[in-house]
Amino acid sequence: MRKLFLPLAAVAAAMFAYAPVGIAKVPYESTMLLVQKIFYFHFATWMAVTASVLVCGVASAIYLFKGTAAADHYAVASAELTTVFCTFGLVSGSLWGRKAWGVWWQWDARLTMAFMLEMVFLGYLLVRKYGGPGAEKLAAAMGIFGAATAPFIYKSVDWWRTVHPQTTVMKTLGDKFPAAWNLVWFCSAAFLVLFVVLLAARVQLEQLRAELDRAYLAAEE
Amino acid sequence: MFLKVAILVLKKDLAIEARSREILYTTLFFAISCLLIFSVAFVKEGVPAEDAASGILWIALTFSGTLALGRTFERERYGETLRALLMAPASRPAIYVGKLLGMVLLMLATEAVLLPLVSFLFRAPLFARPLLLAALLVLGTVGFASVGTLFAAMLVRTRTRDVLLPILLYPITVPVIIAGVRGTSALVQAPPDEAVATLWIGLLTGFDVVFVTLALWTFEPLMTE
Amino acid sequence: MVRRIEVTVAAVMTAVFTSAATIAAQAQPAQEGFVPATGPISEQIPAAPLVVAAYAFFLLLMVFYLWTIWRRIGKVEADMRALERRQGASAGGQSR
């Protein structure tokens, strides 16, 4: 992880340097014009959220069953990143929706469940903070359940007719609007690299904390 | 063996409850007082808002269910019986299932009283399709109680358990509540939309399978010190 | 070491983003003059501030988050140094 940090950070910086240029250059979408350009980061952030939730779920499961400290570090780091990327997803979606739907918020299935996902991982962080000793295990349970409900968020749009664009939009985007297709996957890749970089930084913090705890324990002997 | 342990745990809970009926009555009356509060919000000039009944029913269930969970495990903690249960040479998942069954029965008892009251007070034809409604309620209750029992059990030693339980439980069970409310709304319409209700019943079944499996899987490591 | 890297990353991203944003800003449609209001409300909501707000929020969020990590690492390192100092003092004070 450490060796890859600098090159990955450089890659992320480079991708994010290009992203605004690419977004400015891509043609307008026919019905939503300028405001649709939020889509490129909005979709990308949800890709980062998916990756983050997966990492948290797997790490939580490993920690709960094996007790590996490193797994716990990755679990809490990715839970925090989930809330960060999810916040941006909700805010960018709200800003886009203000223009596209005329309202700041709609209680349709996908928005509700995205909000719910944010609450789940905020709950994760709360239980770690206020759960007293042994809270890491409780939070791990939260992480596992949160990750398990995430697929329902994706599917909910297909099962429940809503104002939110259906998942079929992405499936036909490649044929109908190739410039957007390429750009959105570029932005998603950029966000995933950013996710890895931030995860490494956050895990480093946890490892330092663990080292400090060990030092305290050693000092008491 | 598994089933025997589960039934034993269930019988123990029922026996304790039968003596004082404390949790049953308090849960029931809390749910009814929820209805009273909701009537303030959802009734305009004496007429209940259309379609408010399904939401009110499920929210009253959620709130009273959360309290019941807290009370049940508080009782275990107070009597230190949870530790005794865990020390018994019985499979942990079986203990979980026993407690889950007790919780489900308690919530179903609450629903049995709540349904006619909601139907009556908020003018909703809840009994138009009783079988589908029963399926929705049973599946929704199992979904809610499965996660609730697990979380309440794991939080029992935590200082802030009273407030952490709803914080953790509600976001996870939102899919169950949504399915319950939407399904009930579909049944309350005139004419009742059976196709939509069946769709939500299917979803609830999926949720239940996932949640119960996960809970059975994680109960053991969570309850171990 | 990590803190230096984080600062570098944040600074580079900020600089690059700001310059690229100015390029993007020049592609905005011109402001409309005074016209009587007609049609649904959605035609009257300007899109540009929303788009700018979205991307600006992203930038601020990332910078803020990196800063919180930096701050927390700083606290842990300060605690470690304090512990080492205490140990050094007690070890120096002990007779061997």
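Please work out if B:THR149 is buried (at least 20 other Cβ atoms within 10 Å of the Cβ), among the β-branched types (Val, Ile, Thr), closer than 20 Å to B:THR72 by Cα and touching a residue at least 12 places away in the same chain (Cβ under 8 Å). Taking the combined requirement at face value, the residue satisfies it. Considering only residues in the stretch A:3-13 that are surrounded by fewer than 17 Cβ atoms within 10 Å (Cβ to Cβ) and within 9 Å of chain C (Cβ to nearest Cβ), the one that is nearest to A:PHE177 (Cα to Cα) turns out to be A:ALA10. Out of the residues in the stretch A:58-72 that are on the phi < 0 side of the Ramachandran plot, within 11 Å of chain B (Cβ to nearest Cβ) and of a type in the set (Gly, Ala, Ser), state the one that is farthest from the chain's Cα centre (by Cα). Selected residue: A:ALA61.
Taking the criterion of being exposed (fewer than 15 other Cβ atoms within 10 Å of the Cβ) and part of a helix (DSSP H, G or I), the residues of the stretch B:84-94 that qualify are B:ALA84, B:MET87.
Within the stretch B:136-150, at least one residue is assigned to a helix (DSSP H, G or I) and closer than 22 Å to B:GLU50 by Cα. When A:PHE16, A:PHE39, A:PHE85 are screened for being more than 8 Å from chain C (Cβ to nearest Cβ), at pLDDT below 90 and in a helix (DSSP H, G or I), only A:PHE39 passes.
Of the residues B:GLU111, B:GLU76, the single one that is under 18 Å from the mean Cα position of the chain (by Cα) and surrounded by 15 or more Cβ atoms within 10 Å (Cβ to Cβ) is B:GLU111. Considering the stretch A:19-36, the residues that are more than 7 Å from chain C (Cβ to nearest Cβ) and small (Gly, Ala, Ser) include one that is nearest to A:PHE177 (Cα to Cα), namely A:SER30.
Of everything in the stretch B:1-54 that is part of a helix (DSSP H, G or I) and of a type in the set (Asp, Glu), the residue that is farthest from B:ALA112 (Cα to Cα) is B:ASP13. Within the stretch A:132-145, residues that are at the interface with another protein chain (Cβ under 8 Å from one of its Cβ atoms) and without any contact (Cβ under 8 Å) to a residue 12 or more places away in the chain sit with their Cβ atoms under 7 Å from residues that are among the aliphatic types (A, V, I, L, M) and surrounded by 18 or more Cβ atoms within 10 Å (Cβ to Cβ), at 6+ positions apart or across chains, in these pairs: A:ALA135/A:VAL127; A:LEU138/A:VAL127; A:LEU138/B:MET154; A:LEU138/B:LEU155.
The values are calculated or read from the model by the stated rules, or taken from the named source; none is laboratory data. Keep in mind that this is a model prediction, so the values were computed, not measured. No Cβ is skipped: glycine too gets one built from the backbone with ideal geometry, and neighbour counts run over all protein chains shown.
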